[in-house]
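Here is the structure we will look at, set down as C-alpha cells.
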Amino acid sequence: MKDIEITSLSSRGQVVIPQGIREDLHLNTGEKFIVIGKSDTIILKKIEMPSFEGFDKLLKKTREFAKIKKINSKDVKQAIKKARKR
C-alpha cells in the first residue's frame, strides 16, 4: 500500500478513496465510516459489525441461569420497568 495518495473533493462533497487503498483495506461499495474532523485533519474510521462469536454460548448460559433461579418473562418485564423509572 502507498502511504500517501492524492484525491479531491467533488462539488457534492464526495471524496474518492484511491483504488490501491480500497484494495489494501478490503473496502467495498456501501461500507460505512465514522468521520472525524478537527482543524485541517479529517479521519475516516470504517465501522465494522461486532463479532457475535460466542453469543450463542452466552445466551445458553443465561437461559440456564434463569431456569435455575426460576426467572420468568414476567420477572424480566418488571425488572426492565423498574430500571426505566430510575
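The values are calculated or read from the model by the stated rules, or taken from the named source; none is laboratory data. These figures come from a predicted structure and were not determined experimentally. For neighbour counting, all protein chains shown are included, and Cβ atoms are generated from backbone atoms with ideal geometry for every residue, glycine included.
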Within region 20-41, which residues are surrounded by 11 or more Cβ atoms within 10 Å (Cβ to Cβ) and either part of a helix (DSSP H, G or I) or aliphatic (A, V, I, L, M) (or both)?
-> GLY20, ILE21, ARG22, ASP24, LEU25, LEU27
Determine, yes or no, whether ILE17 is in the same structural domain as ASP3 (by TED's automatic domain parsing) and surrounded by 11 or more Cβ atoms within 10 Å (Cβ to Cβ).
-> yes
Give the residues of region 42-60 that are in a helix (DSSP H, G or I) and surrounded by 10 or more Cβ atoms within 10 Å (Cβ to Cβ), sorted by residue number.
-> PHE55, LEU58, LEU59, LYS60
Out of all the residues in region 47-70, is one or more among the aliphatic types (A, V, I, L, M) and over 30 Å from GLY30 (Cβ atoms)?
-> yes
